[in-house]
Structures are given as structure tokens and as C-alpha cells.
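What follows draws every value from the coordinates through simple rules; no lab data is involved. Just so you know, these numbers come straight off a predicted model, no measurement behind them. Cβ sites come from the backbone with ideal geometry, for glycine too, and all protein chains shown count toward neighbours.
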Amino acid sequence: MLRSSHLALALVLGAGATGVGTAAAASPTPAPSPSSPSAPASPSSPSAPASPSAPASSASPSGPAGASASATVKDAKGNSVGLVSIDTRNNGKARVRVVVRGLPPGYHGFHIHNKGVCDPKSTDPATGSPFFSAGTHFDLGSHSHPDHSGDLPSLLVGEDGIGRATVVTDRFQVRQLLDGDGSSILVHARPDNQANIPKRYGLKNGQTGPDAETLKTGDSGSRIACGVITEG
């Protein structure tokens, strides 16, 4: 009887051990703890903004879309007084951006001219204005002012001598500014009246409205700063 009790107890204990072993085997092996995430690489210092990327629009007859140009604007003494950038928008229009420093406050005529030469020693024989080498207003047709292709809104300079402007125009494509004889950007001494001379303002000869000079220049006066437009 005692032997039977011992045998039964052994069977019970053996079954219990087997159950524990089975449970241990069924338990999922704990996944290894994830390694500590490495610290993200510190961002590099921001670089200067890249030139505008070429838009997806197709090339224009005058050159590939996305073309860009720039100019360093200098006064008659050779001092750098401004920067101009010209690029092509996604809609194919040209965007002109300008910033100037150290110029007289007020409005100034601001135009693209048809020669890429900014020689301050080249003076207008009629007025003595420098940068006569830059030629007349850039134009792709036979327009008068203010409808020349290179006619832009006047540039407003603050009392601190700083002026900024952005203009978007469909009057030209950037590549057309980079033809054989090039082009330049001019800042004038006076505001551009956009040839807005009402007929009530009569001249001595009886003529009314804008005269020939106004239809050429908008009466913007002397050329006080000039920049040759170059690609890129």
C-alpha cells in the first residue's frame, strides 16, 4: 500500500514537471531589446539658395524655359550699388528682382536697355549723362514708351537709400536679353512718367500730350547706375 502511494505521488510529480517543461517551451523567446536609436545626423549648415530650377514647361522659341540672368549695378564712379536677378517662372514669364543701396531717395526710372555695355565715360552728347553706351530701351518691336519690351515700373528708394522691387512680365524671355550685343539694366535720376502727359498740358508749339523725348524715355533724366546683364 505504501509502495502504491509512493508510485502515485511520483506519477503526479512527474506530470507536473512535464507540464512545467511544456509551458516553458511554449513561452515565446523574449525579443532582444532594440538597440538605442542612433542620434540623427546633425543638419549641415544651410547653403545659399540655389538658382531657380528649370520649370516643367516646354521650351520657348527664344530659348529653354528656366533660363536666368543677373547684373551687378554700378554707379558712374564704379561703386557697386545693387544687384538684379532675372529668372523664368513656371508660366514662362520673366521675373525681375532688384535691390539697390546708396541711391537718392524717391522714384527712379528703371529700364532694360539694348546694349550690354556700361561705360560711365560714354556720355550723351545732348545731356552729358553717363552710360550712353547702353543704347536705348530694349524693344522687340516698334513700340514707344511705356510699351518698350524693357520698360519696367519705377524703382522706389527709401530715405535710407535702399530700394527693392520684384516685377513679373511677359514682354520678353530671358534668352532674348542675351543676344549678340547683350543688354543692360539702367537706373535713372528721376521718376518715369510712363508717357502719361494729359492733353491739357500744352506745349509752346500748340502740341498736346507727350512729346518725342517723353515717348523715348518717360522723362526719367540722367542715367545714374548701370549693370550689364549676363547669363546665370
Please arrange 184, 142, 222 by counting, for each residue, the other beta carbons lying within 10 Å of its beta carbon, fewest first. 142, 222, 184
How much net charge surrounds residue 95 when only other residues with a Cβ under 15 Å from its Cβ are counted (Lys, Arg +1; Asp, Glu -1)? +4
Extension gain, residue 189 back to residue 144 (0.36 nm per residue minus Cα-Cα distance, nm): 14.2 nm
At R0 = 30 Å, FRET efficiency that the Cβ-Cβ distance of residue 231 and residue 136 yields, to 0.05: 0.85
Would you mind getting me the FRET efficiency between residue 222 and residue 91? Use the beta-carbon distance for r and R0 = 30 Å, nearest 0.05. 0.25
Can you pull out the trypsin sites (Lys or Arg not before Pro) in segment 94-158 whose DSSP state is coil and whose Cβ has at most 12 other Cβ atoms within 10 Å? 121
